[in-house]
1. If we keep just the residues of segment 53-82 that are part of a loop (DSSP other than H, G, I, E, B) and more than 24 Å from PHE180 (Cα to Cα), which is most open to solvent (accessible area, probe 1.4 Å)?
2. Does ARG34 count as open to solvent by less than 30 Å² (accessible area, probe 1.4 Å), touching a residue at least 40 places away in the same chain (Cβ under 8 Å) and touching a Lys or Arg at 6+ places or on another chain (Cβ under 7 Å)?
3. Quick check on this structure: which one of ARG391, ARG376 is within 13 Å of the ligand (Cβ to nearest atom) and in contact with a strand residue (DSSP E or B) (Cβ under 8 Å, 6 or more places away or on another chain)?
4. With the structure loaded, tell me whether LEU356 is under 18 Å from HIS261 (Cβ atoms), within 9 Å of the ligand (Cβ to nearest atom), under 20 Å from the mean Cα position of the chain (by Cα) and crowded, with 23+ Cβ neighbours inside 10 Å or whether it fails that test.
5. Here is a check on your reading of the model: is GLU184 surrounded by fewer than 16 Cβ atoms within 10 Å (Cβ to Cβ) and acidic (Asp, Glu)?
6. Quick one: in segment 1-48, of everything that is part of a loop (DSSP other than H, G, I, E, B) and aliphatic (A, V, I, L, M), which residue is nearest to ARG293 (Cα to Cα)?
7. Every residue in segment 4-29 that is touching a residue at least 24 places away in the same chain (Cβ under 8 Å), within 21 Å of the chain's Cα centre (by Cα) and open to solvent by 60 Å² or more (accessible area, probe 1.4 Å), please.
8. Scan segment 148-183 for residues that are over 17 Å from the mean Cα position of the chain (by Cα) and of a type in the set (Ser, Thr, Tyr) and report the count.
Amino acid sequence: MARRTSPVSDWATDFDVLDAGYIADPFSIWDELRQSCPIAHSSRRGSNWLPTRYEDITAMAHDIEHFSSVEVAVIPFDGEEPEETLLPYGLPPISVDPPVHTWTRRLLLPWFSHRKVDSYEAMTRDLCTTLIDAFIESGHADAAENYAQQIPVRVIARILGVPGELADTFTGWVRDVLEFADDEERRVGAMEALFTYFIAEVASRREQPSDDLLSELLQTEMDGAPLDDGVVLGAAALVLIAGVDTTWSSIGSSLWHLATHEEDRKRLVAEPELMSTAVEELLRAYAPVTMARLVTSDVDYKGCPMKAGDKLLMNFPAANRDPEVFADADKVILDRQHNRHVAFGSGIHRCAGSNLARMELKVALEEWLKRIPEFRLAEGAELSWAGGQVRGPRVLPVVFP
Ligand code: HEM
């Protein structure tokens with residue numbers, strides 16, 4: 001069951017990232033904390049630290065000695081861990097520190113090179129066109145459910161070599177793991193279903209290899225021996241989990257921005273050459289992903305007494321709104337020139353799929369604006385946002401003439 005918590009009255013000492021107010025508008029809370037208490041603490045869901053300044057967040061992301069990646073879930077798992085695990089390293093490379101991180105990351109990087117990503121662009125564009133065809137005549141759509149949500153999962157399915165027809169099933173699993181993480185039944189059920197599926201896929205790739213990521217991982221050797229099945233399963237599951245909710249949230253938040261900021265929408269339509277800087281700016285302003293780290297030994301960070309076993313939330317979205325680093329940090333400036341945002345993280349775990357995410361976001365916005373240059377939120381629309389580990393709109397009704 002999902003754990004309900006009481007309302008927050010003091011964000012510096014008792015924050016809750018699943019609080020409805022935080023999900024709706026974390027920005028004003030971070031602004032306040034940066035001034036009053038730049039590294040907040042809370043004992044809800046274990047002992048957690050929440051930094052809000054760019055300088056601290058990037059420094060902590062680089063300090064892999066004190067802050068380990070063996071626990072990256074923002075919402076801790078309270079259920080019983082099975083004694084024997086299929087996955088010796090969890091979901092590598094995101095869940096491991098060096099030296100395992102180094103070689104497991106290397107396994108995935110080639111799949112998201114510029115050259116590979118270029119090869120997925122045409123199918124992404126076709127996919128966007130087909131999705132828009134289905135609702136354009138009606139004059140309205142749920143830009144989250146009918147569009148943003150449908151794109152990344154199908155591209156990832158292609159890369160993994162699993163059927164696009166199962167997109168809704170994959171999406172359901174990923175949502176249960178990331179968005180409904182405080183509901184143990186859903187979280188465990190989804191992980192079990194996902195691994196049962198991938199175990200069968202691995203067996204069938206052994207019989208009949210193809211040219212997809214799963215098959216290639218199975219054919220990869222480390223020190224003269226094939227990879228452990230647990231590494232293949234963990235890495236494949238990570239690609240699905242990391243590549244779906246995240247990118248769909250970015251596409252959705254960007255469409256929300258354009259639906260609610262007429263001037264920016266008109267400018268991007270009139271000046272399509274701004275798309276590259278606009279994509280970076282939308283990633284900065286609406287960075288979807290917060291990660292966690294496990295504190296490995298007692299450490300005093302700028303007067304904060306962090307204890308071994310505490311969690312540290314890598315608040316990349318707040319870093320991106322720090323006025324010390326970004327002028328007019330709370331304003332979206334489509335042609336912002338200096339934009340060293342950390343939406344994709346910082347340090348050794350920096351997103352391995354950033355080229356793919358950027359391509360999908362760019363293509364999704366280009367195709368939408370080409371066909372639907374004018375749109376706005378539907379009158380009286382009830383929006384809904386997901387938050388916690390990944391923030392983005394889940395219900396986004398828009399209308400267009
Ligand atoms: C807008 C979309 C995306 C955002 C904002 C995003 C964000 C991030 C962030 C913040 C991290 C760092 C994690 C940490 O420090 O613990 C990360 C890691 C990772 N991301 Fe993404 N991501 C996105 C899309 C993707 C896509 C499409 C893929 C492709 C499958 C992907 C695959 C990965 C992988 C494999 C890692 C782990 C890298 C490592 O541990 O070395 N991501 N991502």
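1. Checking each candidate, the answer is GLU65.
2. Judged against the criteria, ARG34 is a match.
3. ARG391
4. no
5. No; evaluated as a whole, the condition is false for this residue.
6. Restricting to residues being part of a loop (DSSP other than H, G, I, E, B) and aliphatic (A, V, I, L, M), the top hit is VAL17.
7. Passing the criteria: only ALA24.
8. 1
The values are calculated or read from the model by the stated rules, or taken from the named source; none is laboratory data. Remember, predicted model here, so these are calculated numbers, not experimental data. All Cβ positions, glycine included, derive from the backbone under ideal geometry; neighbour counts span all protein chains shown. Please note that ligands, DNA and RNA were not included when accessible areas were found on the heavy atoms of the full protein model with its side chains. Shrake-Rupley method; radii C 1.70, N 1.55, O 1.52, S 1.80 Å.
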